[in-house]
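Engineer: Dropping the structure in here first, questions after.
The values are calculated or read from the model by the stated rules, or taken from the named source; none is laboratory data. A quick note: this is a predicted structure, and the numbers were derived from the prediction, not measured. Note: ideal-geometry Cβ built from the backbone for every residue, glycine included; neighbour counts use all protein chains shown. In case anyone asks, the SASA skips ligands and DNA or RNA and just uses the protein heavy atoms, side chains included. Shrake-Rupley method; radii C 1.70, N 1.55, O 1.52, S 1.80 Å.
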Amino acid sequence: MFAAGSVRESDRRRYLQVFEACDEKKKGYLSREDFKVAIVMLFGYKPSKIEVDTMVPDLSNTGGLRPDEFVKLMALKRSAQLSFGDQRQIFSVFDTHCRGFLNLDDFKRAFKRVIPHLSEQTIIEAFREVDRDSDGLVCYKDFEYVMNYAEEEDQVHLPALT
């Protein structure tokens with residue numbers, strides 16, 4: 001379980017820097033839209049309405065998210081990210097033939113299980129993106145790279161805040 005005092009100082013500084021960058025009008029809080037931008041800056045994707053409502057159910061009613069609340073939420077979110085073991089397990093579930101790689105059919109089958117409404121064209125485009133060496137196979141190394149992509153991308157270089 002996450003303890004309130006367990007945020008590393010370097011993470012705390014980074015979260016507060018992102019908070020300040022997203023609080024453009026210096027209101028002292030983040031609105032719903034500011035919060036979404038902060039998630040993009042830290043984690044590399046735009047959260048859905050449902051995710052925002054789950055993380056901060058009464059954000060619209062409270063007037064905004066204060067810095068200390070934001071730091072706690074971001075630390076919780078960071079701690080919930082996938083570990084190496086989780087990534088390996090997910091790959092193994094998708095690799096139903098235990099070959100150590102996924103072909104396009106394996107990829108389609110996995111996506112249909114996880115996101116059944118996704119179009120085949122989108123799945124094919126995703127496969128091409130993940131298949132970094134264009135050999136028609138997604139090995140664990142390709143899979144791991146994509147799983148960690150958002151983590152690498154969240155090393156955002158923000159301008160110095162004065």
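Engineer: Restricting to region 55-70, name every residue that is surrounded by fewer than 17 Cβ atoms within 10 Å (Cβ to Cβ), modelled with pLDDT of 85 or more and not basic (Lys, Arg).
Structural biologist: First, the residues of region 55-70 that are surrounded by fewer than 17 Cβ atoms within 10 Å (Cβ to Cβ): 55, 57-58, 60-63, 66-69.
Going one step further and asking which of them are modelled with pLDDT of 85 or more, we end up with 55, 66-69.
The answer is Met55, Pro67, Asp68, Glu69.
Engineer: Report, ordered by the first and then the second residue, all pairs with beta carbons closer than 7 Å, sequence separation of six or more or different chains, a first member in region 40-57 that is over 15 Å from Phe70 (Cβ atoms), and a second member that is open to solvent by 60 Å² or more (accessible area, probe 1.4 Å).
Structural biologist: Hits for this filter: Gly44/Glu153; Lys46/Val40.
Engineer: On the basis of being on the phi > 0 side of the Ramachandran plot and open to solvent by 40 Å² or more (accessible area, probe 1.4 Å), does Ser134 make the cut?
Structural biologist: yes
Engineer: With region 1-108 as the region, which helices (runs of 4 or more DSSP H) entirely inside it contain at least 2 residues that are of a type outside the set (Val, Ile, Thr) and closer than 30 Å to Phe127 by Cα?
Structural biologist: In region 1-108, 32-43, 49-55, 67-79, 84-94 are the helices (runs of 4 or more DSSP H) which contain 2 or more residues that are of a type outside the set (Val, Ile, Thr) and closer than 30 Å to Phe127 by Cα.
Engineer: If you don't mind, there's one more thing I want to ask. Residue by residue through region 113-162, note down the ones that are outside any helix (DSSP H, G or I) and either under 19 Å from Tyr45 (Cα atoms) or modelled with pLDDT under 80 (or both).
Structural biologist: Across region 113-162, the qualifying residues are Ile115, Leu118, Asp154, Gln155, Val156, His157, Leu158, Pro159, Ala160, Leu161, Thr162.
Engineer: If a residue must be open to solvent by less than 80 Å² (accessible area, probe 1.4 Å), closer than 19 Å to Asp135 by Cβ and not acidic (Asp, Glu), how many such residues does region 94-123 contain?
Structural biologist: Count: 10.
Engineer: Within region 33-50, is even one residue of a type in the set (Lys, Arg) and open to solvent by 70 Å² or more (accessible area, probe 1.4 Å)?
Structural biologist: yes
Engineer: Next up: For Ser6, state whether it is under 19 Å from Met147 (Cα atoms) and of a type outside the set (A, V, I, L, M).
Structural biologist: The answer is no for Ser6.
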